[in-house]
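None of the figures in this text is laboratory data; all of them are computed from the coordinates on show. All values reported here derive from a predicted model rather than from experimental measurement. Backbone-built Cβ (ideal geometry, glycine too); neighbour counts: all protein chains shown.
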Amino acid sequence: MPPPADIVKVAIEWPGAYPKLMEIDQKKPLSAIIKEVCDGWSLANHEYYALQHADSSNFYITEKNRNEIKNGTILRLTTSPAQNAQQLHERIQSSSMDSKLEALKDLASLSRDVTFAQEFINLDGIFLLTQMVESGTERYQKLQKIMKPCFGDMLSFTLTAFVELMDHGIVSWDTFSVAFIKKIASFVNKSGMDTSILQRSLAILESMVLNSHDLYQKVAQEITIGQLIPHLQGTDQEIQTYTIAVINALFLKAPDDRRQEMANILAQKQLRSIILTHVIRAQRAINNEMAHQLYVLQVLTFNLLEDRMMTKMDPQDQAQRDIIFELRRIAFDAESEPNASSGSMEKRKSMYTRDYKKLGFINHVNPAMDFTQTPPGMLALDNMLYFAKQHQDAYIRIVLENSSREDKHECPFGRSSIELTKMLCETLKVGELPSETCNDFHPMFFTHDRSFEEFFCICIQLLNKTWKEMRATSEDFNKVMQVVKEQVMRALTTKPSSLDQFKSKLQNLSYTEILKIRQSERMNQEDFQSRPILELKEKIQPEILELIKQQRLNRLVEGTCFRKLNSRRRQDKFWYCRLSPNHKVLHYGDLEESPQGEVPHDSLQDKLPVADIKAVVTGKDCPHMKEKGALKQNKVRFLITAKRCFCRDNTGGGGPAFLLGQQRLCAWLTRFSLPDSFHISQLCFPPLTVYSVPTMSSFLRLPV
């Protein structure tokens, strides 16, 4: 029969005696159990005794925690917390230095136990320790010079006991004198201080700042960033950790008007580069506590952006409007503009509206209205200006590249920048207080003074690249943003050590790669590998494939319009192509302007039987690519040739160069009415002129 649940079997030790094996009834009062133990060893005055864990914790057993005792636990009979506190209170005031040192060592160990701490604090123990620190420091320093290291140990144990006692939250931090604060600060400000003393002093200052507004102000007067910097340049990671913790505490508790000023001081003292060199890139692993403090510093630094993130743009503020004018000037080099006095105000407004549209703003007339939503508010405009000035070539390339596309295919720089800034703020949790348990810091943000702005610059170029890879239209904007967010998040999880490495990670996370990863993750899910799912997949696959084929064919029948390139690479004419309803003929022809709907078959002058398609020639194998090597664009090219040549021009024998992925081509022209022996790689168009197709998403409305 198993023993009752309230009975636990333990061993109890007493110095100089054999341990006792005992059954403790948890229903009995703890005092009765202690009396029983004392009686077994013939010890009088059982109220002077208590039970304690015999392991390294040495915590006292109380009515509150007695339920934690398990079968097989080893306990120790010892003096009660009250008796122990009284004895230590007397011993630390002893005139014997050896006795005092031993008492302080015991006090530092026992103070971790809240039961003992309460008893010692009841004896005004905290006040006694602060008095010892204030009055004994000068004596300690004098004796240290004549080789009395025990005084260093005494101060170290004193500060350790103080830290442990205060951590229980029994005594308010507001009770300490300015003299005590100055003394603790002096330990931090002086060079050559004992490591253990410096460590405890930094811990005390951090707690003072975090737990008392009044003490924050006093500590801020005593401690400067310049005095803390040398501690980061050492090799002791514990000291570095506590130093960053103090900086974080000062940063966190600083009033709003002081926080930016403090950030400027940190920048002047090159805190970021010092942390990067002596902490992050030091030849040792970063422990969890250091990682947490770096994470906190990262969050607090990014939180400086919150004010701009939550500030709406004032459309009437000329200084803010000038930023938008500067974006326009850099993009279009608008040096010469119509003179307002010459009666061309309407022309100027029209030109501004056109340029703002090219810049990708939603409100073409007054783009300032785009920045009235918070978040991201003015932070988005700040990022755009930084990108335009610091990465001018990339900025101009993106703006001009998109302004030359069809309206629905352009990646709007203005709108993209605003949404991207908002997404990056959400990713980095700008404006949120740091978590007490998180240690998710990113080394790359410590490699640049303007890390968020540089982060944005990399991501806006990624967004433009992904837009092209997805062949997106304006309707796909949210889908593109979702893919970009996934790319950024996946790159961040690898913890790149620099912004360049982050950029390199993104290069390997193309849209195609993201699709592969998604598919792989889906396939790796256990549910998708179960027999019922596999059987269902096999059953419905033919129906789904037929549906996809019909969808693609219907899109081909609907047709689409492409820009036509002449010999000077201009895109001022259009070309339309569509498949006949019976899927046997491709109709195509030139247009003077972009159509507003479908173009009838009879208005397209030329046609090509699908059966005449011969081959697909890609990339450098295209004849027009060999002869006109000036086309240097990051696009896939292919030429479609036929059994019969239908050349209508004399541009050099080139053929229609649809600039789209080869895989999309195969999907686009899947399974027309062709002979059974015909392979998809043989599909092609007849030689015509050269056509520019920046995106085929409108033509290939395929499921992602």
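Please grab the % of Cα pairs in region 436-548 that end up more than 16 Å from each other.
In whole percent, the share of Cα-Cα pairs in region 436-548 beyond 16 Å is 69.
Determine one quarter of the surface area of the Cα convex hull of region 196-274, which equals its mean projected area, and express it in nm² to one decimal.
The orientation-averaged projected area of the Cα hull of region 196-274 comes to 4.9 nm².
Using 0.36 nm times the number of residues separating THR493 and LYS349, minus their current alpha carbon distance, what extension gain do you get?
Contour length minus Cα-Cα distance gives 47.2 nm.
How long is region 41-95 along each principal axis, judged by its Cα atoms, biggest number first, in Å?
Computed over the Cα atoms, the extents are 45, 27, 19 Å.
For ASN363 and GLN519 in one chain, what is 0.36 nm times their gap in residues minus the Cα-Cα distance, to one decimal in nm?
That works out to 52.3 nm of additional length.
Per Stokes-Einstein, at 37 °C and 0.692 mPa s, what whole-number D in µm² s⁻¹ belongs to region 145-239, with the Kirkwood radius over Cα pairs as the hydrodynamic radius?
Stokes-Einstein gives a translational diffusion coefficient of 234 µm²/s.
Label points 7 Å out from Cα along the Cβ direction at GLU538 and GLN320: separation in nm?
So the two model labels end up 6.4 nm from each other.
For GLU36 and SER435 in the same chain, what is the full-extension length gain: residue separation times 0.36 nm, less their Cα-Cα distance, in nm?
Full extension from GLU36 to SER435 adds 138.8 nm.
Could you work out the pair-distance distribution P(r) of region 65-222 from its alpha-carbon pairs, with 10 angstrom bin width and percents rounded to whole numbers?
10, 38, 33, 14, 4, 0
Could you list, bin by bin from short to long, the percent of Cα-Cα pairs of region 174-226 in 10 Å steps?
In whole percents, the pair-distance histogram is 25, 59, 15, 0.
I need the calculated FRET efficiency for the pair THR277 and ILE225, taking r as the beta carbon distance and R₀ as 22 Å, to the nearest 0.05.
0.85
Taking LYS537 as the anchor, which aspartates and glutamates have their alpha carbon closer than 18 Å to its alpha carbon, excluding any fewer than eight residues away along the same chain?
By straight Cα distance, LYS537 reaches GLU521, GLU526, ASP527, GLU546.
Taking the Cα-to-Cβ direction at ASP393 and at GLU475 and moving 7 Å from each Cα, how far apart do the two end points lie in nm?
About 3.8 nm separates the two model spin labels.
Translational D (Stokes-Einstein, µm²/s) of region 7-79 at 4 °C and 1.567 mPa s when Rh comes from the Kirkwood sum over C-alpha pairs?
The Stokes-Einstein estimate is 106 µm²/s.
Using a Förster distance of 25 angstrom, determine the FRET efficiency expected from the C-beta separation of PHE127 and ASP98, and round it to 0.05.
Given R0 = 25 Å and the Cβ-Cβ separation, E is 0.55.
With a 10 Å radius around each residue's Cβ, average the other Cβ atoms per peptide and rank 82-91, 171-180, highest first.
Per-residue mean Cβ counts within 10 Å order the peptides as 82-91, 171-180.
In the structure shown, do any of LYS357/LYS495; LYS70/LYS253; LYS9/LYS100; LYS190/LYS495; LYS479/LYS505 have a Cα-Cα gap over 32 Å, and if so which?
Beyond 32 Å: LYS357/LYS495; LYS70/LYS253; LYS9/LYS100; LYS190/LYS495.
Sorted from largest down, what three extents in whole angstroms do the Cα atoms of region 254-365 have along their principal axes?
69, 32, 26
Show the residues, 5+ positions off or on another chain, whose built amide H is closer than 5 Å to the amide H of ALA615.
THR641, CYS684
Taking 7 Å along the Cα-to-C-beta vector as the label spot, tell me the GLU63-ASP612 distance in nanometres, rounded to one decimal.
In this crude label model, GLU63 to ASP612 measures out at 10.2 nm.
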